[in-house]
């Protein structure tokens, strides 16, 4: 019968003896592990699971007794079987000492192969059976734990289900009813009255009164359900609306099941009504959000398309760098807006995102209170700031370590005034012509945001002032299609 092999450690300082032990024990079919010293044996034990240790009593440095004592001190090996082999006559005192050190048996020299094999085999089988028993015990414990956990989980689920049902009824989200098909009598529980917004004291449950509470467009659902049950249908489910006496419209899902007599005739219909108004509203909000995301995506793509189409450069590398920079600026503000669920963005965060690569040695100073920008304003202003930072890094104050940049902003009467003041950089002269960045900045601030951009090309550095209305219905806040068209048109004129 096939069995799992176990490891038998052979410890002796003489290679010839180790070889002899291997020859004697190879027929056992176990894994034989060799160690030529006590220290080597300890190293093997720490790395390998050993079933039986066959150790020579007389070894230099660390003899068999000392090795056995060290092995027994380790918790893992306190029950490991050790067989001593002794080439000298072992006295009763030595034998007792060996047993105290943990030996389970002695084999004298010359070794009788059959005796050695028999002894090792017994302890190897004992080790294997012990491990098998431990595995069976562990498996049993695992199954008991799993079964206990399953029962606990089942109980918890039952309690949770009952708790949810109680909470749903208590919160007025669920109600149950019963309709005697023969007599026409109705029975509603408290949850059903609550869903329909009526009280038992002044509301009689009958088909006419129930129909009066149904939304006019959903009355046919009740008639259809009655017709289906008369045809032999045993269960029916539908969504419908009710109009409470106070005018509140609620969405519900109703599930009904019919009970028939021996002849197949329906005698009773019972059902459950669940108020799903919040779910319906959530679906509406989700649809609205999807449309909003679609609008934002089209807006961003329109701006990106305009940037790619209208950027000008003398070489491919410069063109790629300019396009990447502008699109990255658009991506950064998009991330900021996404984190706020597109409610807006703080001006300081836009500036922090753009100045991050240049904020070295205290060259840049900021001054201004927190200002919340609308999404469209934030997108346009982020691109404008990107152009200012890019130009400054190429030709202005940020192109040298001695340069200084001061950015300040304030709001008065819903008008944001942002001042950009450079100094300490290369001498500045009024440019003979405006590049795409400057022209697009003017076009976006003045046309899209309804603001103004002023440039003063002073010798000591550029002074720029942006005036942006924070509340203004422009192309940026109009319908998505108009905004996209306006963005592209303004950038088109900027490139002209």
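Give the residues of region 1-22 that are in contact with a helix residue (DSSP H, G or I) (Cβ under 8 Å, 6 or more places away or on another chain) and either closer than 21 Å to residue 133 by Cα or touching a residue at least 60 places away in the same chain (Cβ under 8 Å) (or both), sorted by residue number. If the condition is that a residue be in contact with a helix residue (DSSP H, G or I) (Cβ under 8 Å, 6 or more places away or on another chain) and either closer than 21 Å to residue 133 by Cα or touching a residue at least 60 places away in the same chain (Cβ under 8 Å) (or both), then 3, 4, 6, 8, 12, 21 are the ones that fit.
A residue that is modelled with pLDDT under 90 and surrounded by 15 or more Cβ atoms within 10 Å (Cβ to Cβ) can be found somewhere in region 312-323.
Residues of region 347-374 that are surrounded by 21 or more Cβ atoms within 10 Å (Cβ to Cβ) and touching a residue at least 60 places away in the same chain (Cβ under 8 Å): 347, 373. Among what's in region 218-238 and is modelled with pLDDT of 85 or more and touching a helix residue (DSSP H, G or I) at 6+ places or on another chain (Cβ under 8 Å), pick the residue that is surrounded by the most Cβ atoms within 10 Å (Cβ to Cβ). My answer is 236.
Part of a loop (DSSP other than H, G, I, E, B), more than 18 Å from residue 116 (Cβ to Cβ), in the same structural domain as residue 128 (by TED's automatic domain parsing) and in contact with a strand residue (DSSP E or B) (Cβ under 8 Å, 6 or more places away or on another chain) - does that describe any residue in region 12-33? Yes, region 12-33 contains at least one residue that is part of a loop (DSSP other than H, G, I, E, B), more than 18 Å from residue 116 (Cβ to Cβ), in the same structural domain as residue 128 (by TED's automatic domain parsing) and in contact with a strand residue (DSSP E or B) (Cβ under 8 Å, 6 or more places away or on another chain). Against the test of being in a helix (DSSP H, G or I), at pLDDT 85 or above and surrounded by 16 or more Cβ atoms within 10 Å (Cβ to Cβ), the options 487, 392, 440, 444 yield a single qualifying residue, 392. Between 416, 355, 383, 388, the distinction of being under 33 Å from the mean Cα position of the chain (by Cα) and within 19 Å of residue 446 (Cα to Cα) belongs to 383 only. For region 449-460, the criterion of being buried (at least 21 other Cβ atoms within 10 Å of the Cβ) and either part of a helix (DSSP H, G or I) or under 40 Å from the mean Cα position of the chain (by Cα) (or both) is met by at least one residue.
Residue by residue, here is whether (1) outside any strand (DSSP E or B); (2) surrounded by 12 or more Cβ atoms within 10 Å (Cβ to Cβ) holds:
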position: 195; (1), (2): yes, yes
position: 262; (1), (2): yes, no
position: 270; (1), (2): no, yes
position: 274; (1), (2): no, yes
position: 280; (1), (2): yes, yes
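On the basis of being in contact with a helix residue (DSSP H, G or I) (Cβ under 7 Å, 6 or more places away or on another chain), under 24 Å from residue 335 (Cα atoms) and either assigned by TED's automatic domain parsing to the domain that holds residue 328 or buried (at least 22 other Cβ atoms within 10 Å of the Cβ) (or both), does residue 416 make the cut?
No: the conditions fail for residue 416.
The values are calculated or read from the model by the stated rules, or taken from the named source; none is laboratory data. On a predicted model such as this, the values are computed, not experimentally measured, just so you know. Reconstructed Cβ throughout: ideal geometry from the backbone, glycine too, with neighbour counts over all protein chains shown.
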